[in-house]
Amino acid sequence: MVELDYNSIKECENLILQVRGVVSTQIVKGNSGEISEIHVLADSSRSAKQVVRDIESAVLVQLGIELDHKKISVAQLQAGEEEPSPIRPRLESIEITVKGTMAEANISINFDTITHQGKAKGANVSRNRLRLAAIATLNAVESYLGGTVSFMLEDVQKINFSGREVVLVGISLITPVGEETLLGAALVARDERESAVKAALDALNRRLILLKKE
């Protein structure tokens, strides 16, 4: 199968979301950059086979990518079952404490009325404080997901984009079926550490429904 970059994966996911009956989707890349798994959550208005065929056709016609139907798994909502509401994690509090040369980030994030905490500790330097905020966020999300997946922070950068400061976060998502790189961004409004938290959540937002369902 053709090796795909991040933008191509996102384009493919966005296209799949347009297929009738599809509620959400997640593409997992293999070690060589090829598509190894496509997880789809669909309603019960059409059969799983119809959904798979439409996904194959749409991706082939519009993107020129030939998918292996065996790699597409479809989970369907039962008749009468409500569509899962988008999970909207909300930052409740962020605290950075400093003791000597070390700093510790304590993050509280609300997931559907339930609050989970995350902590991270490291050297007290300005760039690392952004990393600590992002790592603590990932720890809070791992707690919410019950330890079913793991995250690794790849990088945090603060850049200038169109005259505004933006925090970018790169995350590796590790599941039993493979590894995937996720990217998130957030404008710096007041506190750049808060923006690091929001950028990490931005990277994960589209995955939370599927990860929680698993």
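The values are calculated or read from the model by the stated rules, or taken from the named source; none is laboratory data. Computed from a predicted structure; not experimentally measured. Every residue, glycine as well, gets a Cβ built from its backbone with ideal geometry; the counts of neighbours run over all protein chains shown.
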Conditions (1) surrounded by 15 or more Cβ atoms within 10 Å (Cβ to Cβ); (2) at pLDDT below 90; number of the one not met by Val19: (2)
Candidate set from segment 106-161 (those that are surrounded by 15 or more Cβ atoms within 10 Å (Cβ to Cβ) and aromatic (Phe, Trp, Tyr)); member that is farthest from Glu180 (Cα to Cα): Phe111
Answer from Ala196, Ala140, Ala133, Ala185 - the residue that is modelled with pLDDT under 90, out of contact with any Pro (no Cβ under 6 Å at 6 or more places or on another chain) and under 16 Å from Leu91 (Cα atoms): Ala185
Pairs, first over 18 Å from Leu15 (Cα atoms) in segment 33-51, second in a strand (DSSP E or B), C-beta under 8 Å, six or more apart: Ser44/Gln76
Residue that is closer than 23 Å to Glu192 by Cβ and aliphatic (A, V, I, L, M), where the choices are Leu67, Leu132, Leu60, Leu145: Leu132
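Residues checked against (1) within 23 Å of Gly146 (Cα to Cα); (2) touching a residue at least 24 places away in the same chain (Cβ under 8 Å); (3) in a strand (DSSP E or B):
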position	(1), (2), (3)
Gln157	no, no, yes
Leu168	no, yes, yes
Ser172	yes, no, yes
Glu194	no, yes, no
Looking only at segment 39-49, and only at residues there that are at pLDDT 85 or above and within 12 Å of Ser73 (Cα to Cα), the one that is surrounded by the fewest Cβ atoms within 10 Å (Cβ to Cβ): Lys49
Out of Asp68, Asp43, Asp54, sole residue that is farther than 24 Å from Leu182 by Cα, outside the structural domain of Gly170 (by TED's automatic domain parsing) and more than 23 Å from the chain's Cα centre (by Cα): Asp54
Which listed residue, of Asn14, Asn31, is in contact with a Gly (Cβ under 9 Å, 6 or more places away or on another chain) and under 24 Å from Leu183 (Cα atoms): Asn31
